[in-house]
Amino acid sequence: MKKKIVVLTGAGMSAESGLKTFRDADGLWEGYNVMDVATPEAWQRNPELVQQFYNERRIQVLQAQPNAAHYALANLEAHFDIEIITQNIDDLHERAGSTKVTHLHGIITYAQSSSNPTLIYPVEGAEIKMGQLCKWGSQLRPHVVWFGEAVPMIEKAAQICSQADVFILIGSSLAVYPAAGLIDFVPREVTKYVIDPKIPTVGHYQHIIKIEKSATEGVKELIVSLLGS
Ligand code: APR
């Protein structure tokens, strides 16, 4: 049986594909305060603004391409059972060819009903328009998890982490819970790699290997460590 490698990715994974991280720019996300665009209250207050914001993000995602690190993780499936858990709402892991990807915070290429988060539809083209409705007549919104909303995939993700033979964290500041707590579910004796140009605080864990590099450079080094040169 192949070894199970669990990879938790954050915004830094897609930085070299041209998608901005959240906390590298004064807490602003593309010039917006996240509370004005990524909360249920923001949607109540100004759904047009929120829809527009995510429509712009979706256009950026569709124009972006997976980077060498996304492809390298997909290619590692030849050697290992790779499970990716991503906080990212882009689809770059899938487009690179990874087959087991769990999206903790949703995926922007899908829409959901604003009255029932389990009614999910692929977005046709780049935009969700105001007036596009679910089958019960509620406005469609982006299929993403906003601050203050439940994270339905967290239990599945915790379960995956508990089965890891190797754990890898790439490009996340570990500032947002419950995602940041997933590392606690990884068995204590398991080796944990952290790839980030600014290594986040990972607490008291043992068996941590820090690779203080960007995702594309760091994953190259990781592969040498996993497979030998
Ligand atoms: N390669 C790897 N890591 C990078 C790169 C790069 N080229 N560039 C930046 N980073 C690192 C930063 O050093 C930082 O540690 O990526 C991390 C990005 O952290 P955040 O911006 O906080 O992103 P993330 O941890 O994914 O945020 C979690 O917060 O806003 C919410 O829901 C949103 O999923 C997101 C969550």
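The values are calculated or read from the model by the stated rules, or taken from the named source; none is laboratory data. What you are looking at is a predicted structure, and each value in this text was computed from that prediction instead of being measured. Here the Cβ is made from the backbone with ideal geometry for all residues, glycine too, and neighbour counts use every protein chain on show. These accessible areas exclude ligands, DNA and RNA; they are computed on the full protein's heavy atoms, side chains included. Shrake-Rupley method; radii C 1.70, N 1.55, O 1.52, S 1.80 Å.
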Condition first: away from the ligand (no atom under 13 Å from the Cβ), aliphatic (A, V, I, L, M) and crowded, with 17+ Cβ neighbours inside 10 Å. Now tell me which residues in the range 74-90 satisfy that. 74, 76, 82, 84
Of all residues in the range 148-168, how many are β-branched (Val, Ile, Thr) and under 14 Å from the mean Cα position of the chain (by Cα)? 3
Select from the range 19-61 the residues that are of a type outside the set (A, V, I, L, M, F, W, C) and within 29 Å of residue 158 (Cα to Cα) and list them in ascending order. 20, 21, 23, 24, 27, 39, 40, 41, 54, 57, 58
Identify all residues within the range 135-157 that are in contact with a helix residue (DSSP H, G or I) (Cβ under 7 Å, 6 or more places away or on another chain) and surrounded by fewer than 17 Cβ atoms within 10 Å (Cβ to Cβ); write none if there are none. 147, 148, 149
Taking strands (runs of 3 or more DSSP E) that fall entirely within the range 158-229, which contain at least 2 residues that are surrounded by 21 or more Cβ atoms within 10 Å (Cβ to Cβ)? 166-170, 191-195
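Each row is one residue, and each column tells you yes or no for (1) aliphatic (A, V, I, L, M); (2) more than 12 Å from the ligand (Cβ to nearest atom); (3) at pLDDT below 95; (4) within 30 Å of residue 148 (Cα to Cα).
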{"position": "180", "(1), (2), (3), (4)": "yes, no, yes, yes"}
{"position": "192", "(1), (2), (3), (4)": "no, yes, no, yes"}
{"position": "195", "(1), (2), (3), (4)": "yes, no, no, yes"}
{"position": "201", "(1), (2), (3), (4)": "no, no, yes, yes"}
{"position": "204", "(1), (2), (3), (4)": "no, yes, yes, yes"}
{"position": "207", "(1), (2), (3), (4)": "no, yes, yes, no"}
{"position": "219", "(1), (2), (3), (4)": "yes, no, no, no"}
Single unsatisfied condition, residue 127 versus (1) surrounded by fewer than 14 Cβ atoms within 10 Å (Cβ to Cβ); (2) assigned to a loop (DSSP other than H, G, I, E, B); (3) not β-branched (Val, Ile, Thr): (1)
Residue 109 vs (1) farther than 17 Å from residue 15 by Cα; (2) away from the ligand (no atom under 16 Å from the Cβ): all pass except (2)
Taking the range 1-58 and the residues there that are part of a helix (DSSP H, G or I) and of a type in the set (Lys, Arg), the one that is most open to solvent (accessible area, probe 1.4 Å) would be 45
